[in-house]
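The values are calculated or read from the model by the stated rules, or taken from the named source; none is laboratory data. Keep in mind that this is a model prediction, so the values were computed, not measured. Note that each Cβ is placed from the backbone with ideal geometry, even for glycine, and that neighbours are counted across all protein chains shown. Calculation scope for accessible area: heavy atoms of the full protein, side chains included, ligands and nucleic acids excluded. Shrake-Rupley method; radii C 1.70, N 1.55, O 1.52, S 1.80 Å.
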Amino acid sequence: MPGFDVTVWYGLCAPAGLPRALVDKVNADVAKAVLSPDTQRRLFDQGVEAARNSPEEFAAFIRAEVTKWAKVVRDSGATAD
């Protein structure tokens, strides 16, 4: 369908105010694990493409997703009944 783009994504979030040093350590440790050749191969076999981004890039991605899907919900007229 033209203009139709849906993807599944996974990410880690932490409470607001977490010390930046801890955010950076978790980000680096998770990236090291996820981007290891063995993990990459296992993910690829399941149709998953792992990517690494900074905490700021991930936050921007989440904001964009919320904006995109909020519009879809509004435009559809869906309600939470």
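Here are the numbers:
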| read-out | value |
| --- | --- |
| Qualifying residues in the stretch 48-60 (those that are assigned to a loop (DSSP other than H, G, I, E, B) and open to solvent by 70 Å² or more (accessible area, probe 1.4 Å)) - the one nearest to Leu22 (Cα to Cα) | Arg52 |
| Complete set of residues in the stretch 61-81 that are closer than 30 Å to Lys32 by Cβ and open to solvent by less than 80 Å² (accessible area, probe 1.4 Å) | Phe61, Ile62, Ala64, Glu65 |
| Test for Ala16: is it modelled with pLDDT under 95 and either loosely packed, with under 12 Cβ neighbours inside 10 Å or touching a Phe, Trp or Tyr at 6+ places or on another chain (Cβ under 6 Å) (or both) | yes |
| Any hit, the stretch 29-39, residues being surrounded by 11 or more Cβ atoms within 10 Å (Cβ to Cβ), within 12 Å of the chain's Cα centre (by Cα) and not in a loop (DSSP other than H, G, I, E, B) | no |
